[in-house]
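Reviewing the structure listed below.
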Amino acid sequence: MGFKGNNKNTYRPKPPKGPIRLTFGIIDDKKNEIKPVIVEQPKFEKQEIIGTLNLKKIKIHLAPPLQTKHLDRILKNISKIYEEGRYLNTNTIIDIEEGNFKVTFNYNQNTIDRIKGLDRNERQWDPDNRAWKVFIGAFDDLFDIIGKGFKITDEAYKELTEFVKGKYYANIAPNKLGKLILRESWFEEFDLNTEVQTSIGSEAMIGSTSKEQKISEDQLKILNKTREQLALFPFKRKPYSHQITGIEFLLQNSACALLDEMGCGKSFQISSSVAMLLQNKSIDRCLIVAPKSLVRTWQEELSLATSTPFTVIEGSPAQRAKLIQSDSPIFIIHYEGIRLEKESLANWIQNGDGMIVFDESQRIKNLMAQTTISAKFIRNGAKRCVIATGTPIANRPIDLFAQYFVMDNGNTFGTSFPAFKNTFCYIDILEINQGRRKVKVEKFIGVRNGEELRKRIQATSLRRLKNEVLDLPPIIYKDYSIELKAEQKTIYAKMRDSVRSEIENMSPEEYSMQANNIVVRLLRLSQICSNPMLIDPNYNGPNAKLTELEDILTDIFSDETKKVILWSHFVGNVNYLAETYAESYGAVAHTGEMNIQDRANSVEQFQNNPECRLFIATPQSAKEGLTLLPRDGKMKADTMIYMDLNFDGGSYVQSQARFHRIGQNSEKCLVIHLVGLDTVDEYIKKSLIDKIQTASQILDNASQEQLNQIKGEKFTLSKEEILNIL
């Protein structure tokens with residue numbers, strides 16, 4: 001609202017800057033103006049921390065003393081928490097001050113809200129020390145709120161052990177039994193004295209059996225009957241001797257793991273055993289679960305092993321429902337499919353004598369994942385189960401539990417995941433940012449009871465290495481240390497300095513919480529080393545690794561019969577390299593972003609087209625079960641080049657099995673790593689080798705001394721070490 005002045009413009013009065021004071025009546029002289037009275041705010045007085053029973057004046061001395069058995073359980077649990085905390089690098093600390101706990105931790109609103117839920121007289125915020133003071137008698141609730149992974153000081157531990165022996169705690173302990181049971185689960189351990197039920201069904205197992213263990217006549221009769229069936233079975237492809245042994249093993253064990261190293265022919269052994277079990281009517285149906293990229297491979301293997309019809313469960317929900325109603329005794333489905341058809345497949349498998357095969361079973365290593373839950377649900381109705389993978393421990397021994405739990409319902413490692421972790425793994429507790437909250441996560445840092453772990457794996461598993469059962473050439477590893485070009489160095493240095501500055505300003509606890517983000521930044525630096533265009537699409541300067549790669553390829557391809565497999569973990573780099581070498585070497589790409597048919601076409605071209613001499617792929621897309629053998633069964637590629645590496649040990653090992661397998665006739669195989677000199681490439685390679693050594697030492701008969709060396713060996717570096725690398 002306004003009015004027009006003489007200049008025809010609309011005038012709008014400005015609002016007053018401060019509050020308006022309206023006075024009615026006679027306006028007093030300002031000299032006599034009454035000034036408002038300032039009321040002094042009451043000073044905050046800290047409340048006294050007092051136990052609720054004392055506040056209510058309960059006669060605590062009348063309570064009967066705790067039973068010795070109950071008291072011992074409590075003291076033992078507190079002792080374990082104290083001992084664990086001595087070795088933890090954590091900011092969650094419980095100290096003692098004037099008889100009450102003084103609790104400090106990284107900011108976590110959920111934890112704060114739960115502490116506020118304690119009785120008001122038993123907790124108080126101390127703004128001066130930025131800590132919570134909590135009545136010592138509320139320790140059961142406090143430990144439950146904080147969760148596993150905190151440190152108790154020596155003084156706090158001494159006072160707490162004395163407190164639980166007193167009359168106050170005798171009054172409340174019976175109501176805290178549930179909290180005690182929960183805390184005991186933090187340290188639950190697997191009973192190593194329990195025996196694993198082992199079936200002897202192969203020469204390998206008999207040969208490794210101790211002299212004290214006797215083989216029953218019934219077991220020998222079954223084994224001889226199995227060998228008679230093997231002798232009469234019409235193999236379309238002559239099996240190797242180790243494959244015969246593997247088939248015997250699969251036929252004799254109703255729940256087992258085939259852990260042969262990649263390239264030993266696991267699919268062939270399983271397909272043949274399925275055909276024989278159907279033939280002798282031990283089973284009347286079989287469900288094969290495999291990664292989507294391997295469904296086609298399984299169709300080929302089954303076609304060679306048996307004339308029994310099979311059905312691939314795929315398509316829309318209506319199509320899948322119709323296919324499940326088919327009369328085929330063998331179904332093939334990918335892992336995503338079992339989540340969608342869990343109920344239908346469970347009903348199908350339990351309506352007869354069913355068998356389930358989980359190929360590349362590391363896909364069910366996460367116990368709480370929906371895929372694993374679906375796998376366990378379906379497996380419960382099956383008579384037999386086989387898990388197969390060449391890398392059961394892709395990164396940590398923890399990966400084993402869910403796979404074996406699905407396979408044998410706890411025969412090998414029990415049914416308690418916390419007990420398995422506490423028995424076979426050294427675990428550190430870290431706090432990381434998750435949005436605006438900080439959450440605790442467990443980090444594997446080493447192997448416990450490694451000898452017992454390997455013994456239990458071997459009891460229900462069969463694993464052979466290629467160098468033990470196949471006459472394969474040795475793999476020679478060669479690192480090319482490559483100095484980055486000037487422009488490449490400039491981009492690298494700019495990002496490196498940015499990362500270094502950010503890390504330098506982090507406190508130790510912030511560094512721990514930002515661990516995942518630091519890994520991402522390291523991989524960004526690796527991208528610059530591999531191909532700066534992945535970071536800056538407008539970059540047109542020189543690329544040191546590409547220059548070295550061209551020299552290597554020129555040298556190898558001087559022999560017109562040779563082929564090469566080239567790996568990069570970055571899809572953009574694979575596409576760029578495939579386009580660069582498409583004309584000169586007939587290069588083809590293979591990435592997870594391509595559909596299955598396009599990937600199959602790339603494999604077909606590399607296998608059988610002599611003009612296609614370069615196969616460029618991401619290890620993640622080509623690691624599982626992919627075969628690059630041509631139709632004549634003779635591998636043409638004996639050289640593999642890594643443009644870059646990442647922290648995934650499983651994909652690294654599996655990718656090398658693409659050429660170091662049955663059909664490789666070269667005198668030697670060459671694996672080349674292109675490593676940026678004085679860059680993060682060197683750290684990534686070291687971390688990767690550490691992971692692989694951990695897995696191989698557990699599975700492949702390392703000495704106890706080697707297993708002991710794994711303890712405490714971390715796969716990430718400290719803040720100072722990272723800064724030195726950068």
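The number of residues in region 390-410 that are at pLDDT below 90 and part of a loop (DSSP other than H, G, I, E, B) comes to 9.
With the condition kept exactly as written, say whether any residue in region 552-565 is under 30 Å from the mean Cα position of the chain (by Cα) and modelled with pLDDT under 90. Taking every residue of region 552-565 in turn, none turns out to be under 30 Å from the mean Cα position of the chain (by Cα) and modelled with pLDDT under 90. One residue stands out in region 283-320 among those that are of a type outside the set (A, V, I, L, M, F, W, C) and closer than 19 Å to residue 362 by Cβ: the one that is modelled with the highest pLDDT, namely 291. Residues to consider are 373, 313; find the one that is farther than 26 Å from residue 264 by Cβ and crowded, with 19+ Cβ neighbours inside 10 Å. On inspection, the qualifying residue turns out to be 313. When region 377-403 is filtered for residues that are under 28 Å from residue 464 (Cβ atoms) and without any contact (Cβ under 8 Å) to a residue 40 or more places away in the chain, the ones remaining, listed by number, are 379, 399, 401, 402.
Of the conditions (1) at pLDDT below 95; (2) outside any helix (DSSP H, G or I); (3) buried (at least 17 other Cβ atoms within 10 Å of the Cβ), residue 363 satisfies every one except a single condition; which number is it? Status for residue 363: all satisfied but (2). When 338, 378, 332 are screened for being assigned to a strand (DSSP E or B) and either assigned by TED's automatic domain parsing to the domain that holds residue 259 or surrounded by fewer than 18 Cβ atoms within 10 Å (Cβ to Cβ) (or both), only 332 passes. Any idea which residue in region 435-460 is modelled with the lowest pLDDT, counting only those that are assigned to a loop (DSSP other than H, G, I, E, B) and basic (Lys, Arg)? Taking the candidates together, the pick is 436. Scanning region 528-540 for residues that are of a type in the set (S, T, N, Q) and surrounded by fewer than 20 Cβ atoms within 10 Å (Cβ to Cβ) returns 538, 540. Would you point out which residue out of 328, 282, 303, 316 is touching a residue at least 40 places away in the same chain (Cβ under 8 Å) and out of contact with any helix residue (DSSP H, G or I) (no Cβ under 6 Å at 6 or more places or on another chain)? Only one candidate qualifies: 282. Number of residues in region 563-611 that are in contact (Cβ under 8 Å) with a residue 60 or more places away in the chain, in a strand (DSSP E or B) and either β-branched (Val, Ile, Thr) or within 23 Å of residue 537 (Cβ to Cβ) (or both) equals 4. Being free of Cβ contacts under 8 Å to residues at least 60 places away in the same chain and in contact with a Leu (Cβ under 9 Å, 6 or more places away or on another chain) is the filter here; which residues of region 95-131 pass it? If the condition is that a residue be free of Cβ contacts under 8 Å to residues at least 60 places away in the same chain and in contact with a Leu (Cβ under 9 Å, 6 or more places away or on another chain), then 101, 103, 115, 118 are the ones that fit. Residue 265 meets each of the listed conditions (1) in contact with a strand residue (DSSP E or B) (Cβ under 9 Å, 6 or more places away or on another chain); (2) modelled with pLDDT under 90; (3) not hydrophobic (A, V, I, L, M, F, W, C) apart from (1). Only residues that are surrounded by fewer than 19 Cβ atoms within 10 Å (Cβ to Cβ) and touching a Pro at 6+ places or on another chain (Cβ under 6 Å) were counted across region 135-194, and they come to 2.
At least 1 residues being at pLDDT below 85, exposed (fewer than 14 other Cβ atoms within 10 Å of the Cβ) and touching a helix residue (DSSP H, G or I) at 6+ places or on another chain (Cβ under 6 Å) is the threshold, and among the helices (runs of 4 or more DSSP H) wholly inside region 24-124 not one reaches it.
Against the numbered list (1) free of Cβ contacts under 8 Å to residues at least 40 places away in the same chain; (2) closer than 30 Å to residue 430 by Cα, residue 68 comes up short only at (2).
Apart from one condition, residue 484 fits all of (1) assigned by TED's automatic domain parsing to the domain that holds residue 571; (2) of a type outside the set (Val, Ile, Thr); (3) over 21 Å from residue 574 (Cα atoms); (4) at pLDDT 80 or above; the exception is (3).
The values are calculated or read from the model by the stated rules, or taken from the named source; none is laboratory data. All figures in this text were calculated on a predicted structure; none of them were measured in a lab. Quick reminder, even Gly has a Cβ in these numbers, built from the backbone with ideal geometry, and neighbours come from all protein chains shown.
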